[in-house]
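Below is one structure, written out as structure tokens; the observations come after it.
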Amino acid sequence: MNKGINNNELKAEVVRRGMTLKELAKAIDLSWTGFWKKTSGQNSFTLEEVRAIRGELGLDDVAMKNIFLI
């Protein structure tokens, strides 16, 4: 697991919303490759991207802390 993101929690939230990770990537205006690099820990999400994920998935504070380990 990447130190900055809990991929299992992110995937679970995406599935709960009836989306795929590729759809989420597109919705927040990232290429699939760029999104994958960020979820695998090669790169970090920007604050703007984190906010976009929160908005797309309708995440509350608890879910944000669980996913982004903050």
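May I ask you to rank 62, 50 by accessible area, largest first, using a 1.4 Å probe over the protein chains only?
Details: 62 95, 50 25 Å².
Final ranking, largest accessible area leading: 62, 50.
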Calculate, in whole percent, how much of the Cα-Cα pair population of the chain lies beyond 18 Å.
26
Which aspartates and glutamates have a Cα less than 12 Å from the Cα of residue 26, not counting those fewer than 8 places away in the same chain?
49, 56
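The values are calculated or read from the model by the stated rules, or taken from the named source; none is laboratory data. Keep in mind that what you see is a predicted model, and the values were worked out from it rather than measured. SASA here: full protein model, heavy atoms, side chains in, ligands and nucleic acids out. Shrake-Rupley method; radii C 1.70, N 1.55, O 1.52, S 1.80 Å.
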